[in-house]
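First comes the structure, then the notes that go with it.
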Amino acid sequence: MFALDNSIHFSLMLNPWFASLEPQQRTRLVQVCERKVVKAGQAVMEQDTRLRKRMDGLYVLVAGEINICVTTLTGSEAILSVIKPGQWFGELALVDRLKRECEARAVSECVLGVIDSEAFSLLMQDAAFAARLSELLASRTRLWVSLLEDFLLRSARARTARRLLLLSRHDDLRAEHSFKEVSVSQSALASMLGMTRQTLAQQLRVLADLGAITQGYGRIEIASPVALMAEATAG
């Protein structure tokens with residue numbers, strides 16, 4: 001169990017799934033979490049590996065930043081999403097008992113809470129918690145369907161705008177709170193969108209000229225959510 005100070009509690013409660021749990025469920029989750037610290041560049045989860053018996057399972061990021069990535073047999077890598085404090089991840093392999101479908105790699109030094117498979121199995125004996133966990137899985141499915149739809153059907157500008165809006169909500173379609181600043185490098189964002197950095201730079205310049213965003217080093221500020229949403233829904 002890790003100490004739940006005010007800053008950690010605030011980060012956890014920003015996550016819609018965790019905030020939707022009953023108070024006793026939230027307390028139980030925190031109680032069974034073990035503290036884990038990983039250095040920048042270290043893999044928290046490895047693609048195509050099975051769960052380890054200890055210090056591996058369902059994770060919540062307490063501090064730092066993590067990239068969720070996939071790698072092909074030829075070594076090509078793509079970043080799927082960025083994990084921010086308060087977000088939970090790693091539940092799929094606990095549910096289906098198959099190999100990890102992706103890698104989670106620390107961008108900076110990270111502090112995590114981890115619930116191992118034995119503790120997770122005990123939690124899942126509670127039907128109410130199991131129902132809430134299914135809601136988390138459903139929200140993930142909706143997210144990936146939305147991203148696939150964007151990739152197949154939308155223009156480069158609309159895809160860029162929509163991805164920035166999602167990142168401002170920490171990739172949670174249910175989130176009511178959004179962040180004005182999106183901390184992401186252009187190379188990471190280009191990887192998420194399946195674009196070259198040159199194509200992404202062109203789209204970001206257009207969005208900046210429209211007053212939707214401003215750019216800084218390693219970050220993008222949403223200057224006008226209304227303007228950005230207009231581009232996101234333009235096609």
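Every residue, every condition in (1) at pLDDT below 95; (2) assigned by TED's automatic domain parsing to the domain that holds Cys33; (3) within 21 Å of the chain's Cα centre (by Cα), yes or no:
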position	(1), (2), (3)
Ala119	yes, yes, no
Leu166	no, no, yes
His177	yes, no, yes
Gln186	yes, no, yes
Flag if Glu101 is modelled with pLDDT under 95, over 21 Å from Trp17 (Cα atoms) and part of a loop (DSSP other than H, G, I, E, B): yes
Please go through the range 46-69 and pick out each residue that is within 14 Å of the chain's Cα centre (by Cα) and on the phi < 0 side of the Ramachandran plot. Leu58, Tyr59, Val60, Leu61, Val62, Ala63, Glu65, Ile66, Asn67, Ile68, Cys69
Contact list please: Cβ distance under 8 Å, first residue in the range 105-126 and hydroxyl-bearing (Ser, Thr, Tyr), second residue assigned to a strand (DSSP E or B), pairs at least six apart or on different chains. Ser117/Gly57
Would you say Glu221 is charged (D, E, K, R), at pLDDT 95 or above, under 26 Å from Arg142 (Cα atoms) and not assigned by TED's automatic domain parsing to the domain that holds Leu136? yes
Mind listing whichever residues of the range 35-55 are assigned to a loop (DSSP other than H, G, I, E, B) and either of a type in the set (A, V, I, L, M, F, W, C) or modelled with pLDDT of 90 or more (or both)? Lys39, Ala40, Gly41, Gln42, Glu46, Gln47, Asp48, Thr49, Arg50, Leu51, Met55
Kindly check whether there is at least one residue in the range 188-205 that is outside any helix (DSSP H, G or I), closer than 26 Å to Leu92 by Cβ and not assigned by TED's automatic domain parsing to the domain that holds Val95. yes
Quick test of your reading of the structure: Arg157 fulfils all but one of (1) part of a helix (DSSP H, G or I); (2) within 26 Å of Cys102 (Cα to Cα). Name the failing condition by number. (2)
Here are the criteria: (1) among the polar types (S, T, N, Q); (2) outside any helix (DSSP H, G or I); (3) within 25 Å of Leu92 (Cβ to Cβ). Tell me which single one Thr141 does not satisfy. (2)
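The values are calculated or read from the model by the stated rules, or taken from the named source; none is laboratory data. Quick caveat: nothing in here was measured; it's all calculated off a predicted structure. Methodologically, a virtual Cβ is constructed for each residue, glycine included, from the backbone with ideal geometry; neighbour enumeration extends over all protein chains shown.
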